[in-house]
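Right, one structure below, let's go through it.
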Amino acid sequence: MAKLTNAKIPRRETSPADMTRAALVRAALKLFGRQGFDGTSTREIAAEAKANIGSIAYHFGGKEGLRAAAADYIVDTIQTIAGQAIGNLRAPSDSEAGDPEAARAQLFTALERMVAFVVARPEAGEIVQFILRELSHPTAALDRIYDGVFEPTHRRLCLVWEQATGEPAESEATRLTVFTLIGQVVYFRIGREAVMRRMGWRAIGDAEAVKIAATVTDNLGAILAARKDRRS
């Protein structure tokens, strides 16, 4: 295999326009989540992004287009995390379907990585806050997030669950179980302040996330054990 140690890999330079666009998306994500869409002005977004107010119309056609771009940013971000944790969002191959131990390991890995991102990463707070706003008052942005991440990620986890337990992926019980696994992780983000107070933590960082992941994966182990006992 050829050595690439000294090879120079060409990189696409980030243009000022790309940087402005990215800054506006991050600013919109933060402010829409914190203040709501109607409660946020384009002037506030531009100020947060340190950009000219006219750049919103130039790059996105207006405030609504910026909301759609923020939703697409969420989709891209979570797709990357989900891809690392549970593989491509597709039906399993024949070889994957025949290995329940590997599927169980994949479930544990998925939860651990979910905790590492949702609980410990600061930007996850902005994403969750934006999604909660959309769930409370659904718009076309929620459709983009649901179609791009919620439905395919949940479906993929259901398929892994079927490989791990033999229970049908699209059964009501499987779908509810997967929602339960995801929900316990998300709570540690939306209930962050209550968790810190009750646990006596000053913050929730990597060390705390490891403890949360241990508890969450213990819960998964108990659920899997109960399913195994039920089949015995």
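FYI, it's all coordinate maths here, none of it is from the lab. Since we're looking at a predicted model, the values are computed, not measured. Glycine also receives a Cβ, built like all others from the backbone with ideal geometry; neighbour counts cover every protein chain displayed.
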Contour minus Cα-Cα distance for A102 and A173 (0.36 nm per residue) = 23.4 nm
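Please label the shape of segment 106-163 as rounded, prolate or oblate, based on the square roots a ≥ b ≥ c of the eigenvalues of the alpha-carbon gyration tensor (a/c under 1.5 means rounded; beyond that, a/b larger than b/c means prolate, else oblate). Mind showing how you got there, number by number?
On the way: a/c = 3.37, a/b = 1.30, b/c = 2.59.
Oblate is the answer for segment 106-163, as a/c is 1.5 or above yet b/c matches or exceeds a/b.
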With the Cα gyration tensor of segment 105-232 giving a ≥ b ≥ c as the square roots of its eigenvalues, does the rule (a/c under 1.5 for rounded; else a/b larger than b/c for prolate; else oblate) give rounded, prolate or oblate?
-> oblate
Setting aside same-chain residues fewer than 8 positions from K211, which aspartates and glutamates have a Cα under 14 Å from its Cα?
-> E112
Taking Cα centroids, how far is segment 22-77 from segment 170-204 in Å?
-> 28 Å
At R192 and F150, where each label point lies 7 Å from the Cα along Cα→Cβ, what is the point-to-point distance in nanometres?
-> 2.1 nm
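Name the shape class, rounded, prolate or oblate, that the alpha-carbon gyration tensor gives for segment 164-229, where a ≥ b ≥ c are the square roots of its eigenvalues, rounded holds for a/c under 1.5, and otherwise prolate holds if a/b is larger than b/c and oblate otherwise.
It comes out prolate by the Cα gyration axes.
With the contact rule set at Cα under 8 Å and sequence spacing of 6 or more, what percent relative contact order holds for the chain? Don't skip to the answer; put the middle values down first.
Values: 217 pairs, mean separation 48.6, N = 232.
Once divided by the residue count of the chain, the mean separation gives 21 percent.
Above 22 Å lies some portion of the pair distances; for the chain, what is it as a whole percent of all C-alpha pairs?
In whole percent, the long-distance tail amounts to 60.
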If you plug each phi of segment 215-224 into the Karplus form 6.51 cos²θ - 1.76 cosθ + 1.60 with θ = phi - 60°, what whole-Hz ³J(HN,Hα) values come out, in order, with x for Gly and Pro?
-> 5, 4, 6, 4, 4, 4, x, 5, 5, 5
Starting from the Cα of E44, step 7 Å along the direction of its Cβ; do the same at D18; then give the gap between the two resulting points in nm.
-> 3.1 nm
What aspartates and glutamates sit close enough to K228 to cross-link, taking a C-alpha to C-alpha distance under 12 Å and skipping anything fewer than 8 places away on the same chain?
-> E167
